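The structure under discussion appears below in the form of structure tokens.
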Amino acid sequence: MTIDEKILIFFLNAVGSNVGMNAPITRPYRRIATEEGWMTPEMAAMYRTALQDGSIDDPGFRSLWGFFAGSTSERAATLYRRIQDLDDERLRDMDALGIDMQLLMLTAPGVQCFDAATGTALARSTNDTLAATVRRHPTRFAGMAAVAPQAPQEAAKEAERAVRELGLRGVVINSHTQGEYLDDPKYWDIFAAVEALGVPLYIHPNTPSPQMIEPFLPRALDAAIFGFACETGLHVLRLIVAGVFDRFPRLQLVLGHLGEGLPYWLYRIDFMHAGIVRANRSPGAKPLQRKPSDVLRQNVHYTTSGMCWEPAVMYVHGLMGADRVMYAMDYPYQVVADEVTAMDALPLSPADKAAFFAGNAQRVFGIAPGPVLTEGKP
Ligand code: MN
């Protein structure tokens, strides 16, 4: 940094702190956070009821939401309040954090833990609520559609309605649905609908499926600390190895948490998958038209939710490309006051930084360009 730049930054910081909202906002890009959670008070009540009456017996759901519902901690209270607010408190937090726009998605497990009829109805009603929220604050919010995979044809129809009629920007599915994975062809109508709509499918984490969660539980490793990544990384690998991207080559996924660990594994996944296919080890691991790493480079985008740590961001950015990595915070689960200024300081070119914070999200999710609204150090 030159002396002139240091003086300029000192001056801008001084102006920003003294004049506050009246200071000119000089940041050359807006910041879109692309994996931000919300839920309705109705859903919070349904989760509490299901915990009490045992109607949802998924051990991951009971572990995580039992903790949130039963905790008297400040963290749990703040989280419940923030996640249900779609107006004043959330907008104030976004202003304070330097987030111009949030891409909202119904928090995990969303509607996927209910029976098919309840899940389908809840997907529709929450998508309507989300669309109304976006209409109230069109420069601050965009939204992803919830669907209930437990009724696959209904889920495909709801994806079409939510994108075409409500203007939602893609579809989110929270990994396993009651222990089942989307590589089962009974779910592929959902992929067909999403591919035809030309919108992305966000595979957001869920707690590990009932089949795999047991060793995570005694040490509280089942959720965001590690279990989410094991569950969700496994899910996406299952989709790739099952040939989903041979069948739907234009399907684009989005993965949070810098790809749930998968980018670190590319070399070994390719090496071992080739060997598994050559040895004809399993009827479930067929030859693919492309290497798994090609699919992870060509059919997946990566957001930084909860992983805003320069070495990891730069690794995935270098590996997957400047047009495939996007900023996300994971509000309200991981709210870090100086996170965006740390990401402002990434060693990226101005063009790549603008793509990281806004341009890629605008292209991938079809979000209209918009103004820089919040403070934040230039
Ligand atoms: Mn999240």
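The values are calculated or read from the model by the stated rules, or taken from the named source; none is laboratory data. On a predicted model such as this, the values are computed, not experimentally measured, just so you know. With ideal geometry, Cβ positions are generated from the backbone for all residues, glycine too; neighbour counts draw on all protein chains shown. The accessibility values were calculated without ligands, DNA or RNA, using every heavy atom of the protein model including side chains. Shrake-Rupley method; radii C 1.70, N 1.55, O 1.52, S 1.80 Å.
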With a Förster distance of 51 angstrom and the Cβ-Cβ distance between residue 53 and residue 349, calculated FRET efficiency to the nearest 0.05 equals 0.40
Amide H neighbours of residue 223 at under 5 Å, excluding residues fewer than 5 places away on the same chain, with H built from the backbone geometry, are 228
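By how many nm would the segment from residue 71 to residue 165 lengthen if fully extended, with 0.36 nm per residue of separation less the alpha-carbon distance?
Values: separation 94, 0.36 × 94 = 33.84 nm, distance 3.93 nm.
Extending this stretch completely gives an extra 29.9 nm.
Go ahead and estimate [θ] at 222 nm for the chain from helices alone: -39,500 (n - 2.57) per DSSP H run with n ≥ 4, summed, over the residue count, rounded to 500.
-14500 deg cm²/dmol
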Hydrodynamic radius by Kirkwood for the stretch 28-365, inverse mean 1/r across distinct Cα pairs, in Å, is 20.2
Highest GNM mean-square fluctuation among 154, 310, 195, for the chain with Cα springs under 10 Å, belongs to 310
So, over other residues within a Cβ distance under 9 Å of residue 210, counting Lys, Arg +1 and Asp, Glu -1, the net charge is -3
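Over the stretch 28-365, with the other protein chains present, what is the accessible area per residue in square angstrom, probe 1.4 angstrom?
Details: 13690 Å² over 338 residues.
About 41 Å² of surface per residue is accessible.
Computed FRET efficiency, Cβ-Cβ of residue 291 and residue 92, R0 51 Å: what is it to the nearest 0.05? Write out the running numbers ahead of the final one.
Details: r = 47 Å, r/R0 = 0.91.
Taking R0 as 51 Å, the efficiency between residue 291 and residue 92 is 0.65.
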Once phi for every residue in the stretch 231-245 is put through the Karplus expression 6.51 cos²θ - 1.76 cosθ + 1.60 (θ = phi - 60°), the whole-Hz ³J(HN,Hα) values, with Gly and Pro written as x, are 4, 7, x, 4, 4, 5, 5, 4, 4, 5, 5, 6, x, 4, 8
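Could you list the chymotrypsin sites (Phe, Trp or Tyr not before Pro) in the stretch 145-254 that lie in coil according to DSSP, counting only those with at most 15 other Cβ atoms within 10 Å of their Cβ?
On the way: sites: 181, 187, 188, 191, 202, 216, 226, 228, 245; in loops: 181, 226.
Taking the stretch 145-254 and a limit of 15 other Cβ atoms within 10 Å, the loop chymotrypsin sites (Phe, Trp or Tyr not before Pro) found are 226.
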The stretch 328-355 and the stretch 184-234 have their Cα centres apart by a whole-number Å value of 25
Along the stretch 292-307, Karplus-curve 3J(HN,Hα) (6.51, -1.76, 1.60; θ = phi - 60°) to the nearest Hz, with x for Gly and Pro, reads x, 5, 5, 4, 5, 8, 10, 10, 9, 10, 10, 10, 8, 2, x, 10
Residue by residue through the stretch 141-150, the couplings from Karplus 6.51 cos²θ - 1.76 cosθ + 1.60 with θ = phi - 60°, in Hz, x for Gly and Pro, are 10, 10, x, 10, 7, 7, 9, 10, x, 5
Burial-style ranking of 334-346, 157-169, average other-beta-carbon count within 10 Å with highest first, yields 157-169, 334-346
